[in-house]
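Worksheet: one structure, shown below.
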Amino acid sequence: KLRDVFNLDHPHNTFLLKNLTIVSGSDMVDLTFHNFVAYKEDICKDWAEDIMAIARNPLTYNAPRSTFLEKILVKLKLQLNEEGKIPVRNIFQMFPADKKRVEEALRACHLPNGKNDAINPEDFPMPVYKTFLMNLCPRPEIDEIFTSHHLKAKPYMTKDHLAKFINKKQRDTRLNDVLFPPAKPEQVQSLIEKYEPSGFNIQRGESCSAQSSCYTGGMTEQKILCPLPSCFPGEQLACFPQLPVRRFRCFFPALYFSSVSSPQFPYFTITKIFMCEGEKNNKPKQSLRSEVLSSDSDAIEAIAESAFKTSPYPVILSFENHVDSPKQQAKMAEYCRTIFGDMLLTEPLEKYPLKPGVPLPSPKDLLRKILIKNKKNQSMSGKRQSSLKKGRNAEPETTEQPTSVDAEDTVWAGDVAEEEPEEEDEQLRNLDEEEIKKMQSDEGTAGLEVTAYEEMSSLVNYIQPIKFNSFELSAKKNRSYVISSFTETKACDLVSKFPVQFVEYNKCQMSRIYPKGTRMDSSNYQPQMFWNVGCQMVALNFQTMDVPMQQNMALFEFNGQCGYLLKHEFMRRPDKQLDPFSVDRIDGLVATTVCVLSGQFLSDRSVKTYVEVEILGLPRDAKRKHRTKLTSTANSINPVWKEEAFVFEKIMMPELASLKIVAWEEGGKFIGQRIIPIIAMHPGYHHVCLRSESNMPLTMPALFVFLEIKDYVPDAWADLTIALSNPIKFFNLQDKCLMKLKDTS
């Protein structure tokens, strides 16, 4: 209808250039499309760029607690009645857990509190709103922290006391005092001037306890002091550390769809294209991993349009090819060349030829490039390949098959490459029928891919799939441009039996792990095991927002969400060796302490709640899952847990570990979760703003926690460490102990 009304088929029609579509949703599948039309092309472009900049800003997802609370006030002031006032009923709906407490908080602010009443927006400014929140959600645990750090006889904290508190509780003890000086009273004075409402207190350099709650939100903006923000600073999210210069040393997220496909879908670093036979015109049909196929070139056009909207770093396009027709494969190759244009990488870079021992180029060398992963015909002549890469329709070439050849050099890459056919047949003969069926079901449709013909083969360069034979043979070949795919079952078996070899394998070659074909519900496996051995592409079902997917999204939220992360040096350097099951390190180990103090607005109902805390990392990390007790009363607005801190005494490789926090209602109903990499966390008191199962920020629920991160010290070395860190104090204690011994003797 739109095509007819706006005459879209007219060659000079510019309607689509004025059309703006905003796609949003609570997860990757349940999406909503809002379509807008501007009267000028540049206006549409400006709106698109600005909206994308806001949506992709890492601080949007990781805003401080105060920002989420301010959003509530903004929402209330946007939902006015006909008289231009805020209906009290809306406030009850915003804070539904305890209507009586909402009424009392409104009454304390001298505001109308009946359900049919309304509030003038001018009578509900930010200071009044903060007072309302303090009455609705009092914070006794913060008052206790405050009173424990000032003189008992005085109800305020001086700037000296506040500086001492920041340096003792909010500062990372591992920082060097020279390079990162502790907070000074004059710095703290600037905080008091910014957040202390009393001018008299500001002049005296004091902060009163009555306003201590304001510091929980106000100081979130401070980066050096970082007193009570979310648990990591914003610069951790947006930073772009030096990308690898010599090879792809990174983890990759991947995309799979098993539901109804559409060319409009979210894009990530790797996109899977599923090809099967077309019905007419020798055109292949493509879909996005689905049984319902999109027509002709829609999927390719959608990728071309949106491939680099969120990141300029290279996109890897993985073809699962079931088109057993040279003409249809040629048509697909033509689509790729014509639609992708210069974005398609058809030839390897001059500095990084496809030769053994030559590393891959850095992702930085391949900005705004699309790489094709597809089976490759290794027996094509150089002249024929060159002709096809340039898009020319070369004449069919007849070659005489040699009588005696090396199978590793002539077979189709990804079909039986790197192994003798007879050897594979022998392996299959040794398996019984049930084992063969299991192997085929685990591989799913990927095990049924057809031969790659010349035109599609010519598009493949740095991502050439081969069938895995052995770690020894791969090391001998030393080809960085090949990739082997493993089902989760096969990969899990290799990790458990040959962990060190798998790490070494991933230093010089790429590996891809994908869900087994029997996961009919599109559930996911835990990716941590495969990250631990350096697998570059750990594919997950993006439409299923389970714990593995939450962990994946939390990890790739960092580094500007560019889709690439630098692996640990133990997984890159040839002179380093790593066994994830028995890490033998004496440096870099940390001990982490987590104390869950309280929660705020955890549920819409008045229920009892509890919290679970867990470390996700290497097998030898402290694996125990800790859990708070169930709150004694049904209070979801401001529950408090007065319990011992949870101690994770040894984390072997913090660079590979994450802290997982989940809040639950009594009976096991999910409230919210947060997964945070250990190396991104800041010690101290923090608000952890929780997220949904699909990793979307929740406006209301939050946890107030205390985090402590220290260098791990074995018990046998504890005294020595104390002596080295503060020798004067250590020897003074030793002298006192000697004096006591003399007195007793």
All but one of (1) surrounded by fewer than 22 Cβ atoms within 10 Å (Cβ to Cβ); (2) more than 15 Å from the chain's Cα centre (by Cα); (3) of a type outside the set (Lys, Arg) hold for Gln526, so report the exception by its number. (2)
Log entry, pairs with first residue in region 120-132 being assigned by the TED database to the domain that holds Leu69, second being assigned to a helix (DSSP H, G or I) and modelled with pLDDT under 95, beta carbons closer than 7 Å, six or more apart or on different chains, reads Lys130/Cys214
In region 532-557, what residues are acidic (Asp, Glu) and open to solvent by 30 Å² or more (accessible area, probe 1.4 Å)? Asp546
Would you tally the residues in region 109-128 being surrounded by 13 or more Cβ atoms within 10 Å (Cβ to Cβ) and within 40 Å of the chain's Cα centre (by Cα)? 3
In region 626-643, what residues are farther than 25 Å from Val102 by Cα and out of contact with any strand residue (DSSP E or B) (no Cβ under 8 Å at 6 or more places or on another chain)? Lys642
Only residues in region 23-48 that are over 27 Å from His12 (Cβ atoms) count as the first member; pair them with residues that are open to solvent by 70 Å² or more (accessible area, probe 1.4 Å) and modelled with pLDDT of 90 or more, Cβ under 7 angstrom, at least 6 apart or cross-chain, and list the lot. Val23/Phe33
Mind checking which residues of region 306-344 are within 20 Å of the chain's Cα centre (by Cα), open to solvent by 30 Å² or more (accessible area, probe 1.4 Å) and modelled with pLDDT under 90? Lys309, Thr310
Can you name the condition, by its number, that Ser148 falls short on among (1) closer than 25 Å to Ala680 by Cβ; (2) of a type in the set (Gly, Ala, Ser); (3) open to solvent by 30 Å² or more (accessible area, probe 1.4 Å)? (1)
Those residues of region 563-605 that are among the hydrophobic types (A, V, I, L, M, F, W, C) and assigned to a loop (DSSP other than H, G, I, E, B) come to a total of 7
Here is a list: Pro155, Pro185. Which entry is at pLDDT below 75 and surrounded by fewer than 18 Cβ atoms within 10 Å (Cβ to Cβ)? Pro155
Scanning for something among the aliphatic types (A, V, I, L, M), open to solvent by 40 Å² or more (accessible area, probe 1.4 Å) and closer than 24 Å to Glu144 by Cβ, does region 580-596 turn up at least one residue? no
Give the residues of region 495-515 that are surrounded by fewer than 19 Cβ atoms within 10 Å (Cβ to Cβ) and farther than 15 Å from Lys576 by Cβ, sorted by residue number. Ser496, Lys497, Phe498
Candidate set: region 88-108, residues that are more than 20 Å from Ala634 (Cβ to Cβ) and among the hydrophobic types (A, V, I, L, M, F, W, C); chosen: the one most open to solvent (accessible area, probe 1.4 Å): Ala108
Hey, can you tell me all the residues within region 66-86 that are open to solvent by less than 50 Å² (accessible area, probe 1.4 Å) and closer than 15 Å to Tyr129 by Cα? Ser66, Thr67, Phe68, Leu69, Ile72, Leu73, Leu76, Ile86
Boolean, Asp172 is of a type in the set (Asp, Glu), without any contact (Cβ under 8 Å) to a residue 24 or more places away in the chain and either surrounded by 20 or more Cβ atoms within 10 Å (Cβ to Cβ) or assigned to a loop (DSSP other than H, G, I, E, B) (or both): no
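Yes or no, residue by residue, for (1) under 21 Å from Val594 (Cα atoms); (2) at pLDDT 95 or above; (3) part of a strand (DSSP E or B); (4) not assigned by the TED database to the domain that holds Ser636:
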residue	(1), (2), (3), (4)
Ile661	yes, yes, yes, no
Trp664	yes, yes, yes, no
Gly667	no, no, no, no
Gly672	yes, yes, yes, no
Ile676	yes, no, yes, no
Ile679	yes, no, no, no
His687	yes, no, yes, no
Ser694	no, no, no, no
Pro701	yes, yes, yes, no
Quick count over region 608-630, residues being open to solvent by less than 10 Å² (accessible area, probe 1.4 Å) and within 20 Å of Gly672 (Cα to Cα), is 5
Residue among Gly560, Gly599 that is open to solvent by less than 40 Å² (accessible area, probe 1.4 Å), within 24 Å of His682 (Cα to Cα) and either touching a Cys at 6+ places or on another chain (Cβ under 6 Å) or in the same structural domain as Gly667 (by the TED database) (or both): Gly599
For Asn57: the one exception among (1) more than 17 Å from the chain's Cα centre (by Cα); (2) open to solvent by less than 70 Å² (accessible area, probe 1.4 Å): (1)
Picked from region 9-38 (must be assigned to a loop (DSSP other than H, G, I, E, B) and touching a helix residue (DSSP H, G or I) at 6+ places or on another chain (Cβ under 7 Å)), the residue modelled with the highest pLDDT is Ala38
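The values are calculated or read from the model by the stated rules, or taken from the named source; none is laboratory data. This one's a predicted model, so the numbers in the text were calculated from it and none came from an experiment. Cβ coordinates were reconstructed from backbone atoms using ideal geometry, including for glycine residues, and neighbour counts include every protein chain displayed. Areas reflect the complete protein model, heavy atoms only, side chains present, ligands, DNA and RNA absent. Shrake-Rupley method; radii C 1.70, N 1.55, O 1.52, S 1.80 Å.
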